[in-house]
Structure formats: structure tokens, C-alpha cells
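Novice: Structure provided below as C-alpha cells; questions to follow.
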């Protein structure tokens, strides 16, 4: 009555016993180790700065988004610069990435080649500007959602907002 | 068994089973959360919950898959098998919570359909390590849903037991998908060898137990060839059968359970009508053959369940000769009364 079922059961078990450990071993051997901190570029391993001064704080840089942005510097109008991000606790946006772009670029459907990833916008950290701000640097938040992306230019005097649609639609 | 329909026939054993099952799962989640908070203080709530429910489902599936072969080796594990389907449904629900958390966190924020995003967010690359792992989890969950949805006796009765069993053998495919999901997912990011060792140990345990059980089953399926002129086959010696228990032999490709009880010998099909459980691994209780899986009962002379129940299994003609049991390999129709063989003293 169920002899064929028992045979099928045995055949499946034998097939799994051969194939599954093989696939598991291939997956483990193919693993790529995570890079060590010592392997990072020097710019990323630099000693952290202490930013004492708030150059400006804006709540309207990102269109349709409650993200607040502050431009910090080590000393008033001098020293290294950094961005600080904050928002209400209930603000949730998956995979929101922050890029730094030196100089203005003609934006298309993809990020410019010189876009430099600062990090993921989670727990609202502070990021140092990777280099001395050029005349018109751009910091961009990138996400798959079309509601939060826009561009901003953090000059030392007055930030200029360049409102755009989503990166995918621009 | 029942003569009237009741959606779930609760009894003390089932309540205890579910209490232990739910308590065990809850304890696991709490312990996992506590250890994770200690070892990874910066872990987010979403990731913590994803990992807790995902690992709980994966671990429970390992336990479920081990129950069957363990019962083959030792009857003490039979209580675990009694309500295994509830464990299966729990496994699906844990996996579903894991999947909902993953989709809500990683796939619901974009402008692509979240389900479609599971398949397109990680395109195929030339790298083995970059193999998309989430589709494996999706298909495994789909199979677990199918099995959970058809786990009720309603489907068992309407599909019939062999079809139902064939359907539920797809649990092996779900398990294979989940191993691939874990191998090409979390194990690619977590470089600690503890996780690799744990996953490998689970896989070796499941596959090892099933291979050992299959090897043992092959021995049981070896046919008896000593056939008399009247067509009867020398099955075994009377002394080989314990009192109120059975010896299982393979005749004409199917297994027959030969029971000894009160100086008599009767033979019935080894296949219970409920879930095709092994009647020969049960015993005589209250004059009835009792299936070890769920307690379905049959009279040894007729193969029929005692009234008012209606289940019937085929019987076999028995002859005794010089302390040996001879069985005719041609089964009688289910429920046919046969004369039991009388043990010569």
C-alpha cells in the first residue's frame, strides 16, 4: 500500500544527504571575510574630531521629511566640518543612505561616480566632511523611496537648498 | 478516532503537548533575546526579533524532522510524535512572523511590490557568496504554509492517507530550501564559526538520523521467499513474537504485522488507516491492536475497528506448523474475519 512512498522517502533522504552537505560546504567556502578596520582607507580611520560650534541648523533641507540637519565645525568658522542628523523617534525610513559629493554634478538616474558613502542614516550619527568643503559641495540622502531625497549645499554662510524630485525620477 | 465531527479533539495529552510546545518556544525567544542583548548591545529591535523568530522556526523544524526517525529507534519518543502536526503549524507561524518582519523592514519602504522585491533586490551575480538567499526562504515558507493548511484530519480523510503523506513529504524540500537560505544568508555575514558549526551539526543530525532509519527500513522490506506448496510463506517462529506485540515481515512487497495474544496468532496489514502509522510497532490494548501513533484500534481477527468506529485494515490467513507462523501473502479485503492461528503447547 505505501511501499512506493517508503521508497520515495528513502530516495529523497539519500539525495538530500548527498546534495545538501555539498551545497552547505560550497556556501561556507565561498564566504568573503569582512574587512578589518586596519584595512580601511586612512581617511576613514582618522581620529575623531570634537565639534563644538553649530554653524547652522535646518529643518527644511529634506523635502517632505522630518530630518533635521546641523552643520558643525571644530571652532567657529574654522577647522573640520561635520554633519549631524536628527529626527523624531517615530521616523522610520529603511535603508536611507547618506552620500557626500564633492562639487556640483549633473545628476541623472544614478549617483555620480564621485559620490562618497558616509553611512546609513540610523540612530542619527554625526559624520565628518571627508574633505574641506569646496565652494558648492552636495550632501545627498539616497533611498528607494521618492519622498525623502533632495540635495543641499552646506556652505559656511547660508545653506542653499536645491529641491529635486527623487533620484530615480530626476 | 471519532464517529461525529469535532474540529479538534482535545484531550489531556494534546493540552500537555501544546503547553510544553508553546512554553518551550516562549522560553527560547526570551533566552535568545536576553543573550543577544548581552552579546550585541547595539542590535536593533527589528533585527533581534527577526533573528529570534527565524532561529526558533529553524530549530523547531530540526526537532520535528528528528522525531520520526527517533521513534523508529526508541518507542520512548512516541509521545513527541503524537501531536507533531501542532509543532509543524507552530513552526510555520514562527517562520511567518520572521518573514513579515523581514518584508516590513527591508522590502516595504520602496516603490517595488514587497513580494517582488524579495526576488529582484539581490540579482544573480557571478559570486557564489552573493547568491540571492531570500527566495529560498520564500519558497520554504510557501511549502510550510501548504503543510500547515492541510495538517488537519479533514484533509487527511479527503485526500486519503497515501496522498496526504506524499504531500507532506515535501517537508524535505522545505528543509533543503531553509538550509540554503541560512547558508547563503546569515552565514555569509556572520563570520563566527560557532554559527557554521551549529548549522552543520543540525544538518548532520537530521540527515544522519534519517539515513540510519532508512537503512533499517530497507532491512524490514526484504521479502520472505520460503513459500509452501499452498502459497503460504514461512514468516517467523512463534517464539520470535513478544506477547501482545507483533513482528513485522514483508510479504509481496508490503509489510504485515503478526500479533501474538492469548495463545493465538493473527496477521493484519502494518498500515494504520489514519496516518499510515506502523501498527506492528503498537501493542494489544483491551483486546485491540492499538496504533502507536494516535491510538487508533482494530480487532486482530477482523482488522476492523470496534463499533461504532468504521476503520478497517486488510487481514491475512494464518497457519501454524511446528512452532512457526505461515502467512498467505494475498491480503483479504479490509475487515474480513480470519481464523487466528492457535499456538501449539
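The values are calculated or read from the model by the stated rules, or taken from the named source; none is laboratory data. No experiment lies behind these values; they were computed from the predicted model shown. Note that we place each Cβ from the backbone using ideal geometry, even for glycine, and neighbour counts take in every protein chain shown.
Novice: Given the residues B:174, B:157, B:166, which is the only one that is away from chain A (no Cβ under 14 Å) and over 22 Å from residue B:45 (Cβ atoms)?
Specialist: The match here is B:157.
Novice: Oh, and also: Quick one: which helices (runs of 4 or more DSSP H) lie wholly within the stretch B:106-209 and hold at least 1 residues that are over 30 Å from residue B:277 (Cα atoms)?
Specialist: Numbers: elements: B:114-120, B:134-149, B:153-159, B:161-168, B:171-183, B:186-189.
Fully inside the stretch B:106-209 and qualifying: B:114-120, B:134-149, B:171-183, B:186-189.
Novice: Would you be able to tell me the number of residues in the stretch A:2-14 that are facing chain B (nearest Cβ under 8 Å) and either exposed (fewer than 15 other Cβ atoms within 10 Å of the Cβ) or assigned to a helix (DSSP H, G or I) (or both)? Let's see the steps before the verdict.
Specialist: Filtering the stretch A:2-14 for residues facing chain B (nearest Cβ under 8 Å) gives A:2-3, A:5-6, A:8-10, A:12-14.
Then drop every residue that is not either exposed (fewer than 15 other Cβ atoms within 10 Å of the Cβ) or assigned to a helix (DSSP H, G or I) (or both), which leaves A:3, A:5-6, A:8-10, A:12-14.
Residues that pass the stated criteria total 9.
Novice: For the stretch A:15-35, state whether one or more residues are part of a helix (DSSP H, G or I), within 22 Å of the chain's Cα centre (by Cα) and at pLDDT below 90. Spell out how you get there, then give the answer.
Specialist: We begin by selecting, within the stretch A:15-35, every residue part of a helix (DSSP H, G or I); these are A:15-29.
Next cut, within 22 Å of the chain's Cα centre (by Cα) only: none.
Within the stretch A:15-35, none of the residues are part of a helix (DSSP H, G or I), within 22 Å of the chain's Cα centre (by Cα) and at pLDDT below 90.
Novice: Name every residue in the stretch A:36-49 that is more than 14 Å from chain B (Cβ to nearest Cβ), at pLDDT 70 or above and not in a helix (DSSP H, G or I), in order of residue number.
Specialist: Within the stretch A:36-49, A:40, A:41 meet the criteria.
Novice: Out of the residues in the stretch B:216-230 meeting the condition of being surrounded by fewer than 11 Cβ atoms within 10 Å (Cβ to Cβ) and either within 18 Å of residue B:281 (Cα to Cα) or at the interface with chain A (Cβ under 8 Å from one of its Cβ atoms) (or both), tell me which one is modelled with the highest pLDDT. Even if it seems obvious, please write down each step before you answer.
Specialist: Of the stretch B:216-230, the ones surrounded by fewer than 11 Cβ atoms within 10 Å (Cβ to Cβ) are B:219, B:222, B:225-226, B:229-230.
If we keep only those that are either within 18 Å of residue B:281 (Cα to Cα) or at the interface with chain A (Cβ under 8 Å from one of its Cβ atoms) (or both) too, we end up with B:219, B:222.
Numbers: B:219: 79, B:222: 76.
So, considering only residues that are surrounded by fewer than 11 Cβ atoms within 10 Å (Cβ to Cβ) and either within 18 Å of residue B:281 (Cα to Cα) or at the interface with chain A (Cβ under 8 Å from one of its Cβ atoms) (or both), the one modelled with the highest pLDDT is B:219.
Novice: Test residue B:292 against the stated conditions and say whether it is within 14 Å of chain A (Cβ to nearest Cβ) and under 24 Å from residue A:4 (Cα atoms).
Specialist: Details: within 14 Å of chain A (Cβ to nearest Cβ): no; under 24 Å from residue A:4 (Cα atoms): yes.
No.
Novice: Return the residues of the stretch B:244-258 that are farther than 19 Å from residue B:291 by Cβ and surrounded by fewer than 18 Cβ atoms within 10 Å (Cβ to Cβ); say none if nothing qualifies.
Specialist: B:252, B:253
Novice: Let me ask something else about it. Assuming residue B:127 fulfils every condition listed in (1) at pLDDT below 90; (2) within 27 Å of residue B:185 (Cβ to Cβ); (3) buried (at least 19 other Cβ atoms within 10 Å of the Cβ) apart from one, which condition is it?
Specialist: The one condition residue B:127 does not meet is (3).
Novice: Quick check on this structure: which one of B:51, B:85 is under 34 Å from the mean Cα position of the chain (by Cα) and over 26 Å from residue A:25 (Cα atoms)?
Specialist: Numbers: B:51 fails: over 26 Å from residue A:25 (Cα atoms).
Residue meeting the stated conditions: B:85.
Novice: Quick check on this structure: which one of B:34, B:27, B:57 is within 26 Å of residue B:178 (Cα to Cα), in a helix (DSSP H, G or I) and either touching a strand residue (DSSP E or B) at 6+ places or on another chain (Cβ under 8 Å) or in contact (Cβ under 8 Å) with a residue 40 or more places away in the chain (or both)? Before the answer, list the steps.
Specialist: Details: B:34 fails: either touching a strand residue (DSSP E or B) at 6+ places or on another chain (Cβ under 8 Å) or in contact (Cβ under 8 Å) with a residue 40 or more places away in the chain (or both); B:27 fails: either touching a strand residue (DSSP E or B) at 6+ places or on another chain (Cβ under 8 Å) or in contact (Cβ under 8 Å) with a residue 40 or more places away in the chain (or both).
Criteria check complete, one pass: B:57.
Novice: Given (1) over 14 Å from the mean Cα position of the chain (by Cα); (2) in contact (Cβ under 8 Å) with a residue 60 or more places away in the chain, where does residue B:171 come up short, assuming only one miss?
Specialist: Residue B:171 satisfies every listed condition except (1).
Novice: Scan B:319, B:255 and give me the residue that is within 14 Å of another protein chain (Cβ to nearest Cβ) and either more than 30 Å from residue B:11 (Cα to Cα) or in a strand (DSSP E or B) (or both). It would help to see each step written out before you state the result.
Specialist: Numbers: B:319 fails: within 14 Å of another protein chain (Cβ to nearest Cβ).
Testing whether each residue is within 14 Å of another protein chain (Cβ to nearest Cβ) and either more than 30 Å from residue B:11 (Cα to Cα) or in a strand (DSSP E or B) (or both) leaves just B:255.
Novice: Would you be able to tell me the number of residues in the stretch B:103-118 that are touching a residue at least 12 places away in the same chain (Cβ under 8 Å) and more than 11 Å from chain A (Cβ to nearest Cβ)?
Specialist: Within the stretch B:103-118, residues that are touching a residue at least 12 places away in the same chain (Cβ under 8 Å) and more than 11 Å from chain A (Cβ to nearest Cβ) number 2.
Novice: Just name the residue that is farthest from residue B:252 (Cα to Cα) out of those in the stretch B:192-205 that are in contact (Cβ under 8 Å) with a residue 12 or more places away in the chain and more than 9 Å from every other protein chain (Cβ to nearest Cβ).
Specialist: Filtering the stretch B:192-205 for residues in contact (Cβ under 8 Å) with a residue 12 or more places away in the chain gives B:199, B:202-203, B:205.
Narrowing further to those that are more than 9 Å from every other protein chain (Cβ to nearest Cβ): B:202, B:205.
Values: B:202: 37, B:205: 33 Å.
The qualifying residue farthest from residue B:252 (Cα to Cα) is B:202.
Novice: May I pose another question? Which members of the stretch B:120-136 meet the condition of being within 31 Å of the chain's Cα centre (by Cα) and over 15 Å from residue A:23 (Cβ atoms)?
Specialist: B:134 - this is the single residue of the stretch B:120-136 that is within 31 Å of the chain's Cα centre (by Cα) and over 15 Å from residue A:23 (Cβ atoms).
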